[in-house]
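Below: one structure, written as C-alpha cells.
The values are calculated or read from the model by the stated rules, or taken from the named source; none is laboratory data. Here the structure is a predicted model, which means the values were calculated and not measured. Here Cβ is always computed from backbone atoms with ideal geometry, including for glycine, and neighbour counts include all displayed protein chains.
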Amino acid sequence: MPAQVLGENEQLKVEDLVVRFYTYEGIVKAVEKAKLTLMKGETLGVVGETGSGKSVTALTIMALTPTPGKVEGGHIYFKGTTGETVDVLSLKEAGLLKIRGKEISMIFQEPNAALDPLFKVGDQIAEAILAHRLPEMLEKANQLKKEKANNSSFLKSLPILRNRSRDKLLQQVVRKEILELLRLMEISDPERVIDAYPHELSGGMQQRIVIATALACSPTLLLADEPTTNLDVTVQAQILDLITRLKRRFGSSIIYITHDMGVIAEICDRVAVMYAGSVVEVAPVLEIFKTPLHPYTKALLESIPRPGSSFKSIPGTVPNLVTPPSGCRFHPRCYHAMEKCSREIPELKEISKGHCVACFLYGDA
Amino acid sequence: MPKNRLWNSEHPRIKELVFVLRKLKASPLSIAGLSIVLLFTFLAILAPVLAPTQPDRDPYIMPREGYASTPKPPNTEHLFGTTEGQYDLYYGVIWGTRSAYRIGVLVVAVSAIIGIAVGSLAGYFKGLIDEVLMRLTDIILAFPGLILAMALVVAFGRGLDSITLAIILVGWPSYARLVRGEFLKVTSEDFVEAAKAIGCSDFRVIIKHVIPNTIFPLIIMASLDIGSIVLTAAALSFLGLGADPGYSDWGQIISLSRNWITGAPGNPFAYWHTFIIPGIFLFLFVIGWNLLGDALRDVLDPMIRRR
Amino acid sequence: MKPILVTKDLKKYFPIRGGLLGTRKGEVKAVDNVNLAIMKGETFGLVGESGCGKTTYGKTIIRLLKPDSGRIFFNSDGSLPEDPSDELNQFDIAGLTRGKLKSLRRNMQIVYQNPSTSLNPRMLVKDIVAEPLIIHKICKGEEAEKRVLALFEDVGLASEHLRRYPHEFSGGQRQRIAIARALITHPKFIVLDEPTSSVDVSVRASLLQLFKELQQKMGLTYLFISHDLSVVEALCDRVAVMYLGKVVEVAGSEELFDNPLHPYTKALFSAIPIADPKTKRKRIILKGEPPSPANPPAGCRFHPRCSQAMDVCRSEEPKLREVKPKHMVACHLY
C-alpha cells in the first residue's frame, strides 16, 4: 500500500468506485466511477436525488454495500487513528470489524429503523462501547474494584463470585459512560432515557440515541445519511446544532448526505453533487451557491421554491440505471448538451482552486 | 423459450404470469415440485384411460380377483400386485389420485371461502366483531387437529364425505387468521383510505381493493396445505374412519395392508407392495405440493416486495 | 372572496385504549376547537410539526374522519358568510351520514403524501383514475376512459400510461396519477396532504407548477398541509400555524413570513435552513421536547417552551384574535 496515496490532510479518498446491483430487471449501474476526497476535520456535504448513488456510496465506504450490490472496481483509501492508510475494499472481515463503529460510524435516516425495538436504548449504546472499548472499560472496572477491595467481604473474593462482582462493576462503569454520553447529546433526563425502549422516545430523541451510539467510540469519520430528513424542522435545527458542536468536541470529519440545500448551506464546508451514480461537481460551500458550474447543480439550485417567482423544474426524469444514457448521464435533460455529451463521459476536472466539475462546457476535456 | 407474441405480450396480467413462470424455472426444487404436481394432475385426469373402469360399477371401487386374503406381489397381470382381498393395487393408486384431489381441492376451496368471509369481516371491521370471531377460531384451534377431526368423523358417521367435512371444520380457522392478519395490514395502507375518500362502499373496498392484495399469501397457504390435508385424510382412512374397504383411496388401501406390514415369518418385506406403493404415491403427492408451495412463496413474496 | 369552507369549534379526539379490556384511558386531543375559514379559490396553507393535528384536521373537514363536536360548513359555490350562524344547518357536513356523504365525495377530495402507498398496487392506472366515475355512476367503460385520457393530458401523463401498474412509474408520475384520481369528478375543494414531501426536489417544482395551473383551470380551492415552509411560502395565499391541536396564528402568506407574531411561529421560521451559506440566521432554539397531545399543558399549550411565558400563560388559554388587519394570533403578548 503506497503510503503517499493520501495527502497530509486527507482522511478519505474514494477513487473510481463502481457498484452494480444484479436484480431481476437487469444490472443497475448504481455508482459509476465516483470520486470523492475528504479532508481531516471537515464536513463534506453530498447532495443528490433518488438514484444518485449517494447512499450506496456511503454504505460502501463501510463495506456494507446492500445485496444484491457488488463492488466492481475502485478503491476507498482511509487513514484512521493508527495513521496507516488502508483500502477499505480490500480488507477482510477481521479488518473491517476493527473499523466499523470505531473508526467509521454511520447514522441513518430512520432512527426507529436503526434501533432494535426489543432492547433498551442504553443496552444498544452499551453494545457499541463493549464491542470496541472493552479493555478500557475493564481497566476502569478493575480500578473501581481495587478501591472497593478494602471493603469487600470474604465471600466476594471467592473465585465463583469474583467474576460476578467484576461484571457488576463493569456494568456500573459502562452505565456511567453512557449517561455521560447522553448528557453530551443534550438529553436533559438521561437516567430515564437510558432505560427506555425506542418506541417510548420521540423521533428527535431516537436520533440522538443513534448519534450517541455512533459517537460512543469517538470515530474519526462520521457518515450521516439524511439524518434529519424525517424530523420536524425545529427538531432538525436542534440536531444540526448538536452535530456541529459535537464535531468540534470530537474532531471527527463528517460526510453529510442530504437533498436539502438549506442544510448544506448551514453545516458543510465543501459540497459534492452526485447525479445518476457519479460525482458531477465538488466545491467549497460558498462557491457552489455563488457560482455553480454544472448544469445539474444550477438547475437544482433554481428549483428551490421562492415566493413570487414561478416554479422551475428540471425537464425529464432521473434516468433508468439499467440502461443509462450514453456519455454524460445528464445530457438528455441538459439545456447546454452538445454532440460530444452523448458520446463521451466527462471526467471530474479541477477548474479553479478547489472547484471540480465533470462537464464538457468547462476546461479542455 | 420461444420468443412468440404471447411471451412478450404487453398485457399487464400476462406479463405477471410470465414473470412467475420464469422465476419458477430458476430453482431445481421448484421445477421438481411443479413437475410432480403436473404428473399427478395428469394421472388424475387420465385415470379412466390408464385404469379402465367396468361398466355399471362404481369406478372408485377397485376390481378384485377372488376373495383370498393373502396379497399377491406384482406380476404381469396386476402391475402393482394385489392387496388383501385381491383388490388390484394399480387401479387403486391411480384412482386414488382422483380421490386425493377431490378431498384436497374441496377442503382447500371451502376452507378458504369460509376463511375469507370470517377473516375479512374480522380484519376490516375490527372491534367487537373481530373479538367474537377470533375467540371462535381460538376455540377450534385449541383442539389438536387430528383428534378433533376424528371425533367429528365418528359423530358424522364414517365415509369420505364425513372426512372432508371434518377437515374443513378443523381447517378453516387457520385461513381465517391468515386473512384477518393480511386485512389488518392492508387496511392500514393509504390506498384503502383513498378508496373510501373517493366514495367506495365498505363492500366495494373489501372486494376490489383489499382482497386482491391479500390473495398471494392465501394462495401460498393453500398450496402448502393441500399436502397436509390429503395426509390427514389418509390417516383418518387408515384408522378405519374413511371409505369402505375396496374404495380407491390411498389411506384406505394402506389400511388394508395392516395385517401384512410385518410380512411373513422369515421375510419381513414379503408384502412390501401393499403399503410401500400407496405410501410412495402419498409421499410424492405431499412433497410435490409442498415444494410448489415453497417455490410460490419465494416467487410471490419478492414480487410483492418489488412493488 | 367568500368562504367555501368554515369550521367552528371543530374537535377531533382519539381515544387511548389500554389495559385488559381496552378501556378508554385518555384522549389524544388531535384537533381542539379549531376555527378557520377558507376562501373560495385560494390556496390555504396549514403548517405545524408532527403531532400538531394538521393532517387530522384535513381529513376531518372532508369527513374521512367523523368529528367529535363542532361544525363544518361547506358550500361549493363559495357563498358562505364569514361567520356562519348556527342556523345554516343545510351546509353543515359535520353530522352527515352514508348517502349524503357519498355525494359529498364528488366535491371534496384528497391527495396523499406518499404516492407509493396511496395507489392500489394491483389495479391498472386507468382503473384507479376511472373508479370515482364508476362509483358515482357518472359514466363507465369507453366514456370513462375518454375522460381519463383527457385528464391525463392536463396532469402531464400519456395514453400509453393507461394500462400499467403504479409500480412502473416514478414517484412524481405516481403523484400525478393520484392527482388525476382526485380531479376526475371535478371537485371544488382539495386537501393536499404534504403532496410533495415524498418526491425528489427537482420534481417538486414541477408538481407545484401543476397545482397552480390546475387551480386556475378548474377553479379549485386547496388546503395545503405541509411542514416544508419554503414551499408553503411560495405557493400559499394565506397560512395558519398549528401547535398541539390549536391554531396559534393565521395571516396572509407574505405578512406571516415577514412578521411572525406568535413565539412558536417565530421559532419555527427561524429553524428553516436557508439555502445561502452567507446568511447566518439567528436561530431560536426551543427548549425541551414537543409535548404529547394526549397530555397538553394547561393554559397556553406552548408556555413550557416559550421564552416569553408570563404567569397568565400558565392558567388561561389565549384566544385567536385579530391583532393586525387580517393577521390573527392566539397569544397573551398581544
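Numbers below:
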item	result
Flag for B:GLY293 being away from every other protein chain (no Cβ under 13 Å) and under 30 Å from B:PRO71 (Cβ atoms)	no
Matching entry among B:GLY171, B:GLY119 (being more than 30 Å from B:PRO245 (Cβ to Cβ), touching a helix residue (DSSP H, G or I) at 6+ places or on another chain (Cβ under 6 Å), part of a helix (DSSP H, G or I) and not aromatic (Phe, Trp, Tyr))	B:GLY119
Count - residues of region C:195-212 that are out of contact with any helix residue (DSSP H, G or I) (no Cβ under 8 Å at 6 or more places or on another chain) and more than 9 Å from every other protein chain (Cβ to nearest Cβ)	1
Wholly within region A:219-296, strands (runs of 3 or more DSSP E) carrying at least 2 residues that are within 14 Å of chain C (Cβ to nearest Cβ) and at pLDDT 90 or above	A:253-258, A:270-275, A:278-284
Looking only at region C:253-275, and only at residues there that are among the acidic types (Asp, Glu) and surrounded by fewer than 16 Cβ atoms within 10 Å (Cβ to Cβ), the one that is farthest from C:TYR334 (Cα to Cα)	C:GLU254
Residue within region C:228-247 that is outside any strand (DSSP E or B), out of contact with any helix residue (DSSP H, G or I) (no Cβ under 8 Å at 6 or more places or on another chain) and exposed (fewer than 14 other Cβ atoms within 10 Å of the Cβ) present	no
Scan of region C:188-227 for residues that are of a type outside the set (A, V, I, L, M) and part of a loop (DSSP other than H, G, I, E, B), ordered by number	C:LYS188, C:GLU194, C:PRO195, C:THR196, C:SER197, C:SER198, C:ASP200, C:GLY219, C:HIS227
Top-ranked residue in region C:264-284 [being β-branched (Val, Ile, Thr) and in contact (Cβ under 8 Å) with a residue 12 or more places away in the chain; ranked as nearest to C:LEU244 (Cα to Cα)]	C:THR265
Residue list for region B:186-212, filter: assigned to a helix (DSSP H, G or I) and more than 9 Å from every other protein chain (Cβ to nearest Cβ)	B:VAL186, B:THR187, B:ASP202, B:PHE203, B:VAL205, B:ILE206, B:ILE207, B:VAL210, B:ILE211
Residues within region C:122-168 that are in contact (Cβ under 8 Å) with a residue 40 or more places away in the chain and either closer than 22 Å to A:PRO319 by Cα or buried (at least 18 other Cβ atoms within 10 Å of the Cβ) (or both), tallied	15
Within region B:160-184, considering residues that are under 16 Å from B:MET134 (Cβ atoms) and among the charged types (D, E, K, R), the one nearest to the other protein chains (Cβ to nearest Cβ)	B:GLU182
Residue in region A:330-339 that is in a loop (DSSP other than H, G, I, E, B) and buried (at least 19 other Cβ atoms within 10 Å of the Cβ) present	yes
Tally of residues being out of contact with any strand residue (DSSP E or B) (no Cβ under 6 Å at 6 or more places or on another chain) and over 30 Å from C:HIS161 (Cα atoms) across region C:89-125	9
Only listed residue being assigned to a loop (DSSP other than H, G, I, E, B) and either touching a Gly at 6+ places or on another chain (Cβ under 6 Å) or within 14 Å of chain C (Cβ to nearest Cβ) (or both), chosen from A:LEU361, A:LEU301, A:LEU321	A:LEU321
Among residues of region C:111-161, those that are more than 12 Å from chain B (Cβ to nearest Cβ), assigned to a loop (DSSP other than H, G, I, E, B) and under 21 Å from C:VAL203 (Cα atoms), counted	3
Residues located in region C:285-305, provided they are out of contact with any Cys (no Cβ under 7 Å at 6 or more places or on another chain), more than 9 Å from every other protein chain (Cβ to nearest Cβ), of a type outside the set (Gly, Ala, Ser) and part of a loop (DSSP other than H, G, I, E, B)	C:PRO291, C:PRO293, C:ASN295, C:PRO296, C:PRO297, C:ARG301, C:PHE302
Members of region C:162-194 that are of a type outside the set (S, T, N, Q) and either within 13 Å of chain A (Cβ to nearest Cβ) or in contact with an Asp or Glu (Cβ under 7 Å, 6 or more places away or on another chain) (or both)	C:HIS167, C:GLU168, C:PHE169, C:GLY171, C:GLY172, C:ARG174, C:ARG176, C:GLU194
Total residues in region A:56-84, condition surrounded by 18 or more Cβ atoms within 10 Å (Cβ to Cβ), β-branched (Val, Ile, Thr) and under 23 Å from A:LYS40 (Cα atoms)	5
Residue within region B:64-76 that is aliphatic (A, V, I, L, M) and surrounded by 15 or more Cβ atoms within 10 Å (Cβ to Cβ) present	no
When residues of region B:235-279 are limited to those that are of a type in the set (Phe, Trp, Tyr) and not in a loop (DSSP other than H, G, I, E, B), the one nearest to B:ASP161 (Cα to Cα)	B:TYR247
C:ARG181 vs. criteria over 30 Å from A:TYR296 (Cα atoms), basic (Lys, Arg) and surrounded by 20 or more Cβ atoms within 10 Å (Cβ to Cβ)	yes
